[in-house]
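Where a number appears in this text, it was derived from the coordinates with a stated rule and is not lab data. A quick note: this is a predicted structure, and the numbers were derived from the prediction, not measured. Cβ placement follows ideal geometry from the backbone for every residue including glycine, while neighbour counts extend to all protein chains displayed.
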Amino acid sequence: MIRALLPLTLTVSMGCSDYEVYSLENADIFYQLEASEVDILLVVDNSCSMEPYQTKLATSFDSFLTYFIEGDVDYQIGVTTTSLQAIEYDPYYDPPCTQQVINAIPAPGVLVDNEIITPDTANAGTVFSDIVNVGICGTAFEMGLGSARLALQHAQSGAFNNGFLREDAYLSLIFVSDEQDASPLPVNDYINEFRDSKTGGGRESVIASALVVEDPSDCNPQQQAAAVVGSRYIDIAEQTGGLIGNICGDDFESIVTELSLNSSRLTDTFYLSALPEPGSLIVGVSDAGDVYEIDCDTGEWTYELQEEGDEVQGVIVFDRASMPPPNSKITVKYNRGDGDPAGFCGSEDTTDSVGE
C-alpha cells in the first residue's frame, strides 16, 4: 500500500451571477507545483538482510526518473548508508564480509563513491545500480535518520558531499530499509534539522519518504526473519508529506515510480473541499495562458471517494498520461451533494464553463 498526505487547496465560493447561466456552488483551485531543482538523498540500509531489496532498487532507475523527466526537473541523486557506528570484522561473516569489504564501506554520512547523479551523468543507470548496491556488511543497528542528518551536515560544512545541497533546490529524502531506525534522537528533532538545512526554505522545502516494512505479514517467510516495522521512518514521511511504500511488495517498480512522482512534486490527485454532486463536476486546466475544460467522459480524469481515518473526501484523480503540467492551475467546479461516485459523469446539465 502506498499513502501520501493531502495537498493544500484554496476554496473560492461562487456568488450569484447577473447572467442567465447556471452558477455552481463551489470552485476549488489547485496549482501543479513546479520543482525546478530537487536534491534527492537515498539512505539505503546496508545490513545483512538487504541484498534482494538493493537488487530490485538497482534495476529501477528508469522508473525512478519517470516524473523527473516529465516535470523537467534538474535533479541530483546521492546515496548513503544506514551505518553510523564503527564496523568490526567478524570471521563468522567471512565471506562475504571480509575486512577488505568492510574497509570499502563509505564513512558515516558520506555519499557512496562520492557520486552525485545529474541529468548530465553518462551511463547514469549503471552508476545508479552501482551506488545503491551498498552491500550487506554494514552495522546491524541501522540509523537512517542519523545518517541523513550527518550527510546534510557534511554538505553544509564542505567536509564531504560537496555540491550536493543546493541553496534553491527542494530536498527529498528517501529511506530504504527492512528494519526499524535506531537513531538516538526523537523523530521531530531530525525533521527540524532537515528543514534547517534549507535556509529560508520553509516546511514544504523538505519531504521524506519511506520504503520500509509496514506489516511483516506482507513479507515472504525468508523476508520475515529480519523484517521489522519501520515506524520511525513512517512517522517522518507522514509529517513531511512524503510517500510510504511497502518494501516487501511485489509491485516494487510501481512503488519506485510513485517515489519519483512524490519527489518531483507533481501530483495526479486533488482533494475537494466539500462533497460534490458528482454529476455537476466541471474540471478545467489553465496552462501558459490556455484555458481548457476536460469532459468527464474523456478518461483523462475520474472522481473518487477516499477515506483518511474518519474523514471522507471527494477526490479528482488524473490519468498519469494526462496530468496537469508544472505551473498549471486546476479548477474544479461543482454543486455540493452526497459525494456518491455512482453519479459521476451523470446526466445533470450545467452550462457554466471553467475559466481563470
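Quick notes on this one:
- When the stretch 195-343 is reduced to its Cα atoms, the Kirkwood hydrodynamic radius in Å: 17.9 Å
- The length gained on full extension between ASN192 and THR298, counted as 0.36 nm times the residue separation minus their Cα-Cα distance, comes to 33.8 nm.
- Fraction of beta bridges assigned by DSSP in the chain that are antiparallel (%, nearest 5): 60 percent
- The stretch 264-305 residues near the modelled ASP72 label - backbone nitrogen below 20 Å, point 7 Å along Cα→Cβ: 264-268, 285-292
- Using θ = phi - 60° in the Karplus curve 6.51 cos²θ - 1.76 cosθ + 1.60, the 3J(HN,Hα) couplings for the stretch 254-259 round to 5, 5, 5, 4, 5, 4 Hz; x is entered for Gly and Pro.
- Kirkwood Rh, angstrom, the chain [1 / mean 1/r, Cα pairs]: 21.9 Å
- Amide H contacts of LEU84: MET143, each under 5 Å away and 5 or more positions distant or on a separate chain (H built 1.01 Å from N in the peptide plane; Pro and chain starts excluded).
- Gained length - ASP251 relative to GLU167, 0.36 nm times residue gap less alpha-carbon distance: 26.7 nm
- In Hz, Karplus ³J(HN,Hα) per residue of the stretch 79-88 (6.51, -1.76, 1.60; θ = phi - 60°; x = Gly, Pro): 10, 9, 9, 8, 8, 10, 8, 5, 10, 9
- Basic side chains Lys and Arg get +1 at the Cβ, acidic Asp and Glu get -1 at the Cβ, and with that the dipole of the chain about its Cα centre reaches some 1260 debye.
- Projecting the Cα atoms of PRO186, SER49, VAL110 onto the charge dipole of the chain, computed from C-beta unit charges around the Cα centre, puts VAL110 farthest toward the positive end.
- Computed from phi, the 3J(HN,Hα) profile of the stretch 103-109 under the Karplus parametrisation 6.51, -1.76, 1.60 (θ = phi - 60°) reads 5, 7, 5, x, 4, x, x Hz, with x in place of Gly and Pro.
- GLN239 paired with THR55, simple spin-label distance in nm, labels 7 Å along Cα-to-beta-carbon: 3.6 nm
- Against the main long axis of the alpha-carbon atoms of the chain, helix 61-70 sits at an angle near 40°.
- The translational diffusion coefficient of the stretch 21-141, from Stokes-Einstein at 25 °C and 0.890 mPa s with a Kirkwood hydrodynamic radius over alpha carbon pairs, comes to 147 µm²/s.
- Computed FRET value (nearest 0.05) for CYS48 with SER157, which takes r as the C-beta separation and R₀ as 51 Å: 0.95
- Contact order relative to length of the chain, as percent, for alpha carbon pairs under 8 angstrom and 6 or more apart: 22 percent
- Proximal lysines to LYS198, defined as alpha-carbon separation beneath 28 angstrom and excluding residues fewer than eight positions away on the same chain: LYS329
- TYR92-ASP120 FRET efficiency (beta carbon distance; Förster radius 56 Å; 0.05 resolution): 0.80
- Remark: MET323, MET50 ranked as MET323, MET50, counting other beta-carbon atoms within 10 Å and listing the fewest first.
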